[in-house]
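**Student:** Below: one structure in structure tokens.
The values are calculated or read from the model by the stated rules, or taken from the named source; none is laboratory data. Since this is a predicted model, take the numbers as computed values, not measurements. Positions of Cβ are backbone-derived with ideal geometry, glycine not excepted, and every protein chain shown enters the neighbour counts. We work out accessible area using only protein heavy atoms, side chains counted, and drop any ligands, DNA or RNA first. Shrake-Rupley method; radii C 1.70, N 1.55, O 1.52, S 1.80 Å.
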Amino acid sequence: MGAPGPGIPRHDAVRAALSSGRARLREQFLAHPNPRRLLRGHTRLIDASLKTLWRESGVTGEAALVAVGGYARREQFPSSDIDVLVLLRDEPSGDARDRLESFVRRLWDAGLEIGHSVRTIEACREEARVDVTVQTTLLESRLLSGSRRLFDRLRAAIAEQLDMPSFFEAKRLEQEQRHAKLQDTAFSLEPNLKEAPGGLRDLHTIKWIAGALGIGASWRELERAGLITPAEARQLARDEALLQVMRIRLHFLAGRREDRIVFDYQTALAGQMGFSGNAVRRAGEQLMQRYYRSAKEVTLLNTILLQNLAARIGASAAVEPRMLNERFEVRGELLSASSEDLFLRSPGTILESFLLMQQHQELRGMTATTLRALWRARSCINADFRRDPCNRMLFLHILQQPRGVVHEFRRMNQYGILGRYLPEFGRIVGQMQHDLFHVYTVDQHILMVLRNLRRFAMPELAHEFPLATQLMSGFSRRWLLYVAALYHDLAKGRGADHSELGATDAGRFCRSHGLAREDTELVQFLVTHHLTLSSVAQKQDTADPEVVRAFAAKVVDERRLIALYLLTVADVRGTSPKVWNAWKAKLLEDLFHATRRLITGGRYEMDTALAETQAEALRLLRLYALSDSVKDRFWAELDTTYFLRHDSQEIAWQTRTLHYRVDSIEPVVKARLAPFGEGLQVMIYTPDRAELFARICGYFERANFNIVEAKIHTTRHRHALDTFLVMGSGDGTHYRDMIALVESGLAEELRSTAPLRAPRRGRVSRRVRHFPVTPMVDLRPDERGISHVLTLVASDRPGLLYGVARILAAHRIDLRTAKINTLGDRGEDVFLVSGDSLRDEKSVLQLEQELLAELQVS
């Protein structure tokens, strides 16, 4: 860059050179779209501008100008921020601070949109220690100008601080958190091609981990290291280039940073990339299907590479394979085919693999070789495969499993299996929906509806949709709802009424899979009328008895009404998180209740299963000579979730104990022998307060009790009503003799205001040492966006729950409900939590990392 002319400020000359250089790069790219050439050319142009202004800055002493982030990788997109670090040996004095501020102003005056920080090496070390994002940017930093010695000291300090297993877990958690914010799908109608699953950030995550490991940051280097095949390396390079081209063109089209493929630019972007519309599909739809296919490939290869990198780092334990059956084995916590050609030799095992994933909850996924084999064998699913009775039975079994339905259907869709088995589903994969409320492609919307129906079946999530959870708890053969969900929108895009066409397809599926006539008719009814309840509730006067009577005539019976209500709520909630609101919920509920009264002649009070539980609790209370009215005050403070999660004996016991102490400010602790099996059942009732859960867990740890189950509940008037099932740590524990000790000791602990005691590290069992469960932390907002659902999976050990409770208390996390479940040496706990820190991404990531560290077997 030459010297400016007489009287021209240096920053004006830089601005002019930068503007002309960017225009030249844009012209070259639009003529010959090579993303690598543009990104590197743009990086060189900015390098020259920054170096010029740095030399003129007057910054003295030992200092360095350092590129970080995408700029450091020489991937500077047209409108992205330019991330730089001003590295200093010491904190700046007043004069040095003035020069730095002047330097930053000149950067902005020159047209450089800078994201900058000013730090010493020690400050960089400290921030990298607590923030994996800062650590990542510093690991890929690049010296622009200034002191090479100071920069080398920074690189050495960051490298010395790097702990690869911890870094890997932090990046994995960061990716999971990012995916969860985008509903774990790339298939939204306006996807973020940088942040969404299958986007550029997923590729960056792999490169960051591989680079930190010393393998390299190119696909060719990963291939040479044996982490991917040559074909996969070429595929990744093609997908990365496509995503880069689309992002570059979006920046040019928008004239600013825009990483979402929004509707405003889809048609223009498609035209620039050579797509043209026809009578069947718009150009924008063709572009988006190409994007979705690329995102699906990136997601699959990201999964394979994370597995292989974990094995290389040692983040996954190397254990001997365990035979599951003659066709499959378990390697660590991953399902593995017995041979790489299993699926080609015996195609029926394709569906069996997904069924095994559901039936063995210790499985976290499939090995890389099995994933590759599945991908290669998907073409084996043909007409003969679909006609095979064994394969039809396997598919029904997958639908009917008590767990893992959504996970495995998503997995089958991701690997191209679902669209092969159901060709009608395959036709709508990646299909756009041009309306004002859907935000997902047709296939992803269908899977979201399936997910919503499954959530209705989980009592721990009853707070989200209480009525739906009540109804689902008493609905027999609920898997029929899942079939209806699969088919309700499957005929979209065929030109005629998709409800009628979908019902025809659904009937064909039901008959070919041997469903009873009654069940087939229910599924067809649901698909045909899946829009009817919503339409009547929102567009007609439901206060008019004739409107309700006409709707009831279509529904006919109560089972159909319940099924249609459940499907409708799941469907509306699955179009977009913004579509559902309290007003819409009330409209649907009002029509449901009015129709139910008409159909049943006004005989119902509430869902049958819930009513039966409450009736049995009242019968048990009468055995103690208590009238039915004693429950009224206590039950008025309890919501649906309580009655769904407690059986009639527990409800009667707690009502009998607490009906005259509803407003007690003193802790009430009652214990009894566990009604079923060994142990003590302990009930705690006390005004809710901070650290309460941790204090209870700490008491049980010190008393050498293992918590094998816990039901945490908060009443409407903010009293904690918690029930724990605990067992002694040794054989021959005399539980009856310990009841009084537990009641007095725990009550005394609950009155205490002393700080929480440090946890003890109990010994783990031999089985856990040899077969550890890989810890898992999953934290994401609930459907209402008010609370978060925290799921923890880990090897059980003494004091584990107390350690978790202390971390939650330290982060000021409020516990609303908890489902503690210990299965042998495996703990699976689900908490409903809230707190201000959950609104901050970095705080959430820090919480997840602390929990993950606590769950590790030491």
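**Student:** Quick check on my filter: what residues within segment 530-541 are under 38 Å from the mean Cα position of the chain (by Cα) and not in a helix (DSSP H, G or I)?
**Tutor:** Filtering segment 530-541 down to residues under 38 Å from the mean Cα position of the chain (by Cα) leaves 530-540.
Listed by number, the residues that qualify are HIS530, LEU531, GLN540.
**Student:** State which residue pairs qualify: first residue closer than 22 Å to HIS788 by Cα and inside segment 175-191, second residue surrounded by fewer than 20 Cβ atoms within 10 Å (Cβ to Cβ) in any location, beta carbons under 6 Å apart, and separation of 6 or more residues or different chains.
**Tutor:** ARG178/GLU195; ALA180/ARG780
**Student:** Tally time: how many residues in segment 673-683 are without any contact (Cβ under 8 Å) to a residue 12 or more places away in the chain and either crowded, with 19+ Cβ neighbours inside 10 Å or assigned to a helix (DSSP H, G or I) (or both)? First the steps, then the outcome.
**Tutor:** Here is the first cut: in segment 673-683, the ones without any contact (Cβ under 8 Å) to a residue 12 or more places away in the chain are 676-677.
Then drop every residue that is not either crowded, with 19+ Cβ neighbours inside 10 Å or assigned to a helix (DSSP H, G or I) (or both), which leaves none.
Residues in segment 673-683 being without any contact (Cβ under 8 Å) to a residue 12 or more places away in the chain and either crowded, with 19+ Cβ neighbours inside 10 Å or assigned to a helix (DSSP H, G or I) (or both): 0 in total.
**Student:** Only one of ASP607, ASP639, ASP571 is modelled with pLDDT under 90, closer than 23 Å to LEU522 by Cα and charged (D, E, K, R). Can you tell me which?
**Tutor:** Exactly one of ASP607, ASP639, ASP571 is modelled with pLDDT under 90, closer than 23 Å to LEU522 by Cα and charged (D, E, K, R), namely ASP607.
**Student:** Go through (1) of a type outside the set (Phe, Trp, Tyr); (2) modelled with pLDDT under 95; (3) over 25 Å from LEU418 (Cα atoms) one by one and return the number of the condition GLU518 breaks.
**Tutor:** Among (1) of a type outside the set (Phe, Trp, Tyr); (2) modelled with pLDDT under 95; (3) over 25 Å from LEU418 (Cα atoms), GLU518 violates only (2).
**Student:** From GLY514, GLY507, grab the single residue that is of a type outside the set (Asp, Glu) and open to solvent by 50 Å² or more (accessible area, probe 1.4 Å).
**Tutor:** Working: GLY507 fails: open to solvent by 50 Å² or more (accessible area, probe 1.4 Å).
After ruling out the rest, the residue left standing is GLY514.
**Student:** If you check every pair at least six apart or on different chains, which have Cβ atoms under 8 Å apart with a residue in segment 454-473 that is without any contact (Cβ under 8 Å) to a residue 24 or more places away in the chain first and a residue that is open to solvent by 30 Å² or more (accessible area, probe 1.4 Å) and in a loop (DSSP other than H, G, I, E, B) second?
**Tutor:** Final answer for the pair search is ALA457/ARG478.
**Student:** Something else: Quick check: is even one residue across segment 310-327 at pLDDT below 95, part of a helix (DSSP H, G or I) and either over 28 Å from ALA794 (Cα atoms) or touching a Ser or Thr at 6+ places or on another chain (Cβ under 7 Å) (or both)?
**Tutor:** Checked against the condition, which is being at pLDDT below 95, part of a helix (DSSP H, G or I) and either over 28 Å from ALA794 (Cα atoms) or touching a Ser or Thr at 6+ places or on another chain (Cβ under 7 Å) (or both), segment 310-327 yields at least one hit.
**Student:** Out of the residues in segment 229-245 meeting the condition of being of a type in the set (A, V, I, L, M) and modelled with pLDDT of 95 or more, tell me which one is nearest to ARG172 (Cα to Cα). So that I can check it myself, show each step before the final result.
**Tutor:** If we filter segment 229-245 for residues that are of a type in the set (A, V, I, L, M), which is where we start, we get 231, 233, 236-237, 241-243, 245.
When the remaining residues are screened for being modelled with pLDDT of 95 or more, the result is 233, 236-237, 241-243, 245.
Values: ALA233: 21, LEU236: 19, ALA237: 22, ALA241: 23, LEU242: 24, LEU243: 21, VAL245: 26 Å.
The extreme case among them is LEU236.
**Student:** Considering each residue of segment 104-136, count those that are under 15 Å from LEU50 (Cα atoms), in contact with a strand residue (DSSP E or B) (Cβ under 7 Å, 6 or more places away or on another chain) and either assigned to a helix (DSSP H, G or I) or β-branched (Val, Ile, Thr) (or both), and give that number.
**Tutor:** 4
**Student:** Quick check on my filter: what residues within segment 274-300 are open to solvent by 50 Å² or more (accessible area, probe 1.4 Å) and aliphatic (A, V, I, L, M)?
**Tutor:** ALA279, VAL280
**Student:** Let me spell it out: the conditions are (1) in a strand (DSSP E or B); (2) open to solvent by 30 Å² or more (accessible area, probe 1.4 Å), and THR723 meets all of them except one. Which number is the exception?
**Tutor:** The single condition THR723 does not satisfy is (2).
**Student:** Looking at PHE693, is it within 22 Å of ALA462 (Cβ to Cβ), open to solvent by 10 Å² or more (accessible area, probe 1.4 Å) and without any contact (Cβ under 8 Å) to a residue 60 or more places away in the chain?
**Tutor:** On the way: within 22 Å of ALA462 (Cβ to Cβ): yes; open to solvent by 10 Å² or more (accessible area, probe 1.4 Å): yes; without any contact (Cβ under 8 Å) to a residue 60 or more places away in the chain: no.
For PHE693, the condition - within 22 Å of ALA462 (Cβ to Cβ), open to solvent by 10 Å² or more (accessible area, probe 1.4 Å) and without any contact (Cβ under 8 Å) to a residue 60 or more places away in the chain - is not met.
**Student:** Still on this structure, I have one more. Which numbered condition trips up ARG36, out of (1) part of a helix (DSSP H, G or I); (2) of a type outside the set (S, T, N, Q); (3) buried (at least 21 other Cβ atoms within 10 Å of the Cβ)?
**Tutor:** (3)
**Student:** With the structure loaded, tell me whether GLY216 is open to solvent by less than 40 Å² (accessible area, probe 1.4 Å), within 29 Å of ILE158 (Cα to Cα), at pLDDT below 95 and not in a helix (DSSP H, G or I) or whether it fails that test. I'd like the intermediate steps shown before the answer.
**Tutor:** Working: open to solvent by less than 40 Å² (accessible area, probe 1.4 Å): yes; within 29 Å of ILE158 (Cα to Cα): yes; at pLDDT below 95: yes; not in a helix (DSSP H, G or I): yes.
So GLY216 fits the description; yes.
**Student:** Check segment 659-672 and report whether any residue there is assigned to a helix (DSSP H, G or I) and out of contact with any His (no Cβ under 7 Å at 6 or more places or on another chain). Show your work before the answer.
**Tutor:** If we filter segment 659-672 for residues that are assigned to a helix (DSSP H, G or I), which is where we start, we get none.
Within segment 659-672, not a single residue is assigned to a helix (DSSP H, G or I) and out of contact with any His (no Cβ under 7 Å at 6 or more places or on another chain).
**Student:** Being crowded, with 19+ Cβ neighbours inside 10 Å and within 28 Å of SER218 (Cβ to Cβ) is the filter here, so list the residues in segment 115-138 that pass it.
**Tutor:** Passing the criteria: CYS124, ALA128, VAL132, VAL134, GLN135, THR136, THR137, LEU138.
**Student:** Do any residues in segment 497-519 that are in contact (Cβ under 8 Å) with a residue 12 or more places away in the chain have Cβ atoms under 6 Å from those of residues that are of a type in the set (A, V, I, L, M) and open to solvent by 10 Å² or more (accessible area, probe 1.4 Å), where the two are at least six apart or on different chains, and which pairs are they?
**Tutor:** That search, which allows pairs on different chains as well, returns HIS513/LEU396.
**Student:** Can you tell me which residue in segment 353-367 is nearest to ARG327 (Cα to Cα), limited to those that are in contact with a Ser or Thr (Cβ under 9 Å, 6 or more places away or on another chain) and crowded, with 22+ Cβ neighbours inside 10 Å? Let's see the steps before the verdict.
**Tutor:** First, pick out the residues of segment 353-367 that are in contact with a Ser or Thr (Cβ under 9 Å, 6 or more places away or on another chain): 353, 364-367.
With crowded, with 22+ Cβ neighbours inside 10 Å added as a condition, the list becomes 353, 366.
Working: SER353: 9, MET366: 14 Å.
Result: SER353.
**Student:** Within segment 524-536, identify whether any single residue is closer than 30 Å to ALA383 by Cα, open to solvent by 10 Å² or more (accessible area, probe 1.4 Å) and touching a Gly at 6+ places or on another chain (Cβ under 6 Å), and answer yes or no.
**Tutor:** yes
**Student:** So, in segment 235-268, exactly how many residues are within 20 Å of LEU203 (Cβ to Cβ) and either in a helix (DSSP H, G or I) or open to solvent by 30 Å² or more (accessible area, probe 1.4 Å) (or both)? Spell out the reasoning first.
**Tutor:** Of all residues in segment 235-268, those within 20 Å of LEU203 (Cβ to Cβ) come to 235-251, 257-261.
The next check asks that each one be either in a helix (DSSP H, G or I) or open to solvent by 30 Å² or more (accessible area, probe 1.4 Å) (or both); those that pass are 235-251, 257, 260.
Residues that pass the stated criteria total 19.
**Student:** Let me ask another. Among (1) open to solvent by 40 Å² or more (accessible area, probe 1.4 Å); (2) part of a helix (DSSP H, G or I); (3) not polar (S, T, N, Q), there is one condition GLU749 misses while meeting the rest; what is its number?
**Tutor:** Checking GLU749 against (1) open to solvent by 40 Å² or more (accessible area, probe 1.4 Å); (2) part of a helix (DSSP H, G or I); (3) not polar (S, T, N, Q), the one that fails is (1).
**Student:** Of the residues LEU566, LEU620, which single one is modelled with pLDDT of 90 or more, assigned to a helix (DSSP H, G or I) and surrounded by fewer than 18 Cβ atoms within 10 Å (Cβ to Cβ)? Please lay out each step first, then the result.
**Tutor:** Values: LEU566 fails: surrounded by fewer than 18 Cβ atoms within 10 Å (Cβ to Cβ).
Residue meeting the stated conditions: LEU620.
**Student:** Also, I was wondering about something else. Right, ARG420: open to solvent by 70 Å² or more (accessible area, probe 1.4 Å), under 23 Å from GLU232 (Cα atoms) and without any contact (Cβ under 8 Å) to a residue 60 or more places away in the chain or not? Lay out the reasoning, then the answer.
**Tutor:** Working: open to solvent by 70 Å² or more (accessible area, probe 1.4 Å): yes; under 23 Å from GLU232 (Cα atoms): yes; without any contact (Cβ under 8 Å) to a residue 60 or more places away in the chain: yes.
The answer is yes for ARG420.
So that you can scan it fast, the table gives a plain yes or no per residue for (1) farther than 22 Å from GLY698 by Cβ; (2) outside any strand (DSSP E or B):
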site	(1), (2)
THR791	yes, no
LEU815	no, no
ALA818	no, no
GLY827	no, no
LEU845	yes, yes
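**Student:** Among (1) charged (D, E, K, R); (2) within 17 Å of ALA740 (Cβ to Cβ); (3) open to solvent by less than 50 Å² (accessible area, probe 1.4 Å), which single condition is LYS670 missing?
**Tutor:** Unmet for LYS670, out of (1) charged (D, E, K, R); (2) within 17 Å of ALA740 (Cβ to Cβ); (3) open to solvent by less than 50 Å² (accessible area, probe 1.4 Å): (3).
**Student:** Another question about this same structure. Filtering segment 438-454 down to residues that are among the aliphatic types (A, V, I, L, M) and assigned to a helix (DSSP H, G or I), which residue is surrounded by the most Cβ atoms within 10 Å (Cβ to Cβ)?
**Tutor:** Residues of segment 438-454 among the aliphatic types (A, V, I, L, M): 439, 442, 446-450, 453.
Adding the requirement that they be assigned to a helix (DSSP H, G or I) leaves 442, 446-450, 453.
Values: VAL442: 23, ILE446: 25, LEU447: 24, MET448: 26, VAL449: 28, LEU450: 23, LEU453: 26.
Among residues in segment 438-454 that are among the aliphatic types (A, V, I, L, M) and assigned to a helix (DSSP H, G or I), the one surrounded by the most Cβ atoms within 10 Å (Cβ to Cβ) is VAL449.
**Student:** Another question, then. State the number of residues belonging to segment 778-814 that are over 21 Å from HIS179 (Cβ atoms) and open to solvent by less than 30 Å² (accessible area, probe 1.4 Å).
**Tutor:** Step one: list which residues in segment 778-814 are over 21 Å from HIS179 (Cβ atoms), which gives 786, 794-814.
From what's left, open to solvent by less than 30 Å² (accessible area, probe 1.4 Å): 794-795, 797, 799-805, 807-809, 813.
Looking only at that region, the number is 14.
**Student:** Aromatic (Phe, Trp, Tyr), more than 30 Å from PRO165 (Cα to Cα) and either assigned to a loop (DSSP other than H, G, I, E, B) or touching a Pro at 6+ places or on another chain (Cβ under 8 Å) (or both): which single residue out of PHE343, PHE385, PHE409, PHE395 fits that description?
**Tutor:** Working: PHE343 fails: either assigned to a loop (DSSP other than H, G, I, E, B) or touching a Pro at 6+ places or on another chain (Cβ under 8 Å) (or both); PHE409 fails: either assigned to a loop (DSSP other than H, G, I, E, B) or touching a Pro at 6+ places or on another chain (Cβ under 8 Å) (or both); PHE395 fails: either assigned to a loop (DSSP other than H, G, I, E, B) or touching a Pro at 6+ places or on another chain (Cβ under 8 Å) (or both).
The match here is PHE385.
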